[in-house]
Amino acid sequence: MCGIAGFLHRDSTAADKKILGAMVHSIAHRGPDDEGLYTDDAVGLGARRLSIIDLSSAGHQPMIDEDSGACIVFNGEVYNHKELGQRLSLGDLKSKTDTEVVLKSYLRYGPGCLDHFIGMFAFVIWEPKKKRLFGARDRLGVKPFYYSFQKNTFFFASEIKSLLAAGIDPRPDLKSIGQYLTFGFYDHKEETFFEGIKQLPAAHTLTLESDGRFQMTKYWDLRSQDESPSNIALDSISLVKKSKDFLELFEDSLRLRLRSDVPVAVHISGGLDSTLMLAGLNKLNGGQGSMKAFSYHYQEPLYDEKPYVEELTKLLGWEVEFHPLSSAEVPHLALKAMRSQEQPYPGIITLAKHKLISSELPFQAKVILEGQGGDEIGGGYPYYVGPHLLDLIRSGAAGAALKEIQKFSVKSIFRSLAAYYKGSRTADGTPFLQKHCLNRDFLHSLDRSFDFPAPFKSHLLNMQYRDILFTKLPRILRSCDRASMAYSRELRVPFLDHRLVEFCFFLPGTLKIRHGVQRFFIREALKTLLPTRLADLPKRAVVDPQREWLRGPLQRWVRELIESSSFSQRGIFDAPAVLREYDKYVKAPRVTTSFHVWQWLSIEMWFRTFIDK
């Protein structure tokens, strides 16, 4: 696990070690254990190392292959590197690192080596004899990869701040800002909030020749798999088998992600995915052992998951450490997190994670396991119900659809259908967007035509596809990467093993939503490990007190930002309209969302952090 950075000049300009050093220094938090720089004529590669596998100097980066002279900088983990070293006949390896396995695999099999990797990664390989730069990002985009073309130079890095350290001018990308404010989308495309800085999309490679030829290729996509019928009839034997197959695959994903030469910890929440992860770890590990467990909480009864976490850990015999977040900590943490996150982030829940991981330092656990992704691959969001019902009706299973309809409230069904039909226009279909609060000229300048691909016959699969590749997961994964790496910690997400994603995604919809229960097959698998009452707990729609805090104890902070002269002079918002809307929000007897308020705060904090000088 590392931070990587570098550049390639298209002309004969010699590599500038001073610029390379500045780029690498700016991401020292991603790798405090070692630093390395490599230059070869017009190319510069740099790395900061967080030592996880093979702690010796044999894992130093940039790593050079003696025979070919090829050089790699690598960020992430290829969990099955031990097996690949043997299966791909890579010969004698000089280290026990996955970095060397990745380099050797590429030199032998080219880009086809990516098909064999199980893990999260972003890496760049320079082949001096061919004068070729090759880069790749993992299938789900767990690890980041940013790049920019500036005149005759290609720059790349794990974080945007590294590109800024190279001298790239931080200019706002108004199109991206506009899509965030009018659709609620961010982290959904190549462009970032910084003009001229892009991210390599998940499951893509790039090739850059020294003469300037540039090619980007997609090497994996869920749409290349077979689509299963949504209404397939499954008897009880088939249900049990599918749940068993899922559990075996999930346990293998966990087993691989326990590979580490440093201590491993687990972050526990009150959700179903976290519960399954802890139960699986308990089985594989034979109890807690030396593994540390921790959780955050808000000390707010309505949103506090602490009682559930305590019940779960007590049942399994685990000890857990809790770290509270108070409203008074938010203003300071929000700005600090923006510097790490580099773009708007999900909200106060992200701040709780920042505090939790920074508080975890005494444990000296460099690796953290988290349960991200279960909702997306298992069909857990409430707005998945409507698309699933449409699938049943379309396929002629009206009886099955009627039985499911009777299990859900009419209100929830209409909400999910509205969310689906608005899905290409808002982040999750909820009515949080306040376009009347935008500056009229800014709003009229925006391109408001926007759609995501819908490659499947199944409405449910199209909704999941959008969430996995464009909306929900990308922003969660970026938020998690920055929150963990800001404190030099590697975050592993076992639900996002690509084998597990493929298996779960194409399960019949009747396994994902059945008898009014969402993520049905996951709950059935969990029942083999824990009591039924823990597997059947309903999903909580709101898991943090952001709505109440932003209209209560954080009012002064909110007003300081939205009443500031800088906020009103940016040409983005209609400041009087924002203040009127915020007053309505504060005085309303009940509010259903705070996202629009968080949007205002995020944009102002982002400008102050990166643009205002």
Between segment 559-579 and segment 103-182, how far is it from one alpha carbon centroid to the other, in angstrom? 35
Note, residue 142: beta-carbon cut-off 10 Å, +1 each Lys/Arg, -1 each Asp/Glu, net +2
Considering Cα pairs under 8 angstrom that are at least six residues apart, work out the relative contact order of the chain and quote it in whole percent. 15
If you build the convex hull over the alpha carbons only and average its shadow over all orientations, what do you get for segment 327-476? Give it in nm² to one decimal. 13.0
Heavy atoms only, probe 1.4 angstrom, no DNA, RNA or ligands counted: give me 522, 393, 349 ranked by accessible area, highest first. 393, 349, 522
Evaluated at 25 °C and 0.890 mPa s, the Stokes-Einstein D of segment 17-56 based on the Kirkwood radius over Cα pairs, in µm²/s, stands at 230
Of 374, 498, 22, farthest towards positive along the dipole that unit charges on Lys, Arg, Asp, Glu beta carbons give the chain: 374
In nm, the gap between the two label points placed 7 Å beyond Cα toward Cβ at residue 219 and residue 457 is 3.2
Relative contact order computed over segment 463-563 (Cα-Cα under 8 Å; 6+ residues apart), in percent: 9
Cβ-derived FRET efficiency at R0 41 Å, residue 611 paired with residue 328, nearest 0.05: 0.90
Across segment 434-566, how many lysine pairs separated by 8 or more positions, or lying on different chains, have Cα atoms within less than 19 Å? 6
Once you place label points 7 Å from the Cα toward the Cβ at residue 586 and residue 302, how far apart are they in nm? 1.8
Given a 1.4 Å probe and the protein chains all in place, what does the accessible area of residue 452 round to, in Å² to the nearest 10? 30
Cβ-based net charge around residue 554, under 12 Å, with every Lys or Arg adding one and every Asp or Glu removing one: +1
Roughly how many Å² of residue 395 are accessible to a 1.4 Å probe, to the nearest 10? 50
Per the Cauchy relation, a quarter of the hull surface: what is the mean projected area of the convex hull of the alpha carbons in segment 464-599, in nm²? 12.7
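Relative to 2.2 N^0.38 Å, what does the C-alpha radius of gyration of segment 299-403 come to as a ratio? Two decimals please.
1.53
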Over the chain, the sum of -39500 (n - 2.57) across DSSP H runs of at least four, divided by residue number and rounded to 500 deg cm²/dmol, gives at 222 nm -11500 deg cm²/dmol
Expected output is a single nm value to one decimal: the length gained when fully extending between residue 83 and residue 412, i.e. 0.36 nm times separation in residues minus the C-alpha distance. What is it? 113.7 nm
Around residue 111, under 13 Å between beta carbons, what's the net of Lys plus Arg minus Asp minus Glu among the other residues? +2
Amide H of residue 137 versus every other amide H placed in the peptide plane: which residues, excluding those fewer than 5 positions away on the same chain, fall under 5 Å? 203, 204
Once you put a point 7 Å from the Cα of residue 18 and another 7 Å from the Cα of residue 445, both along the Cβ direction, what distance in nm separates them? 3.6
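The values are calculated or read from the model by the stated rules, or taken from the named source; none is laboratory data. As the structure is a prediction and not an experimental result, all values here were calculated from the model. All Cβ positions, even for glycine, are placed from backbone atoms using ideal geometry, and neighbour counts span all protein chains on display. Note: accessible area is taken over every heavy atom of the protein model, side chains too, but ligands, DNA and RNA are not part of it. Shrake-Rupley method; radii C 1.70, N 1.55, O 1.52, S 1.80 Å.
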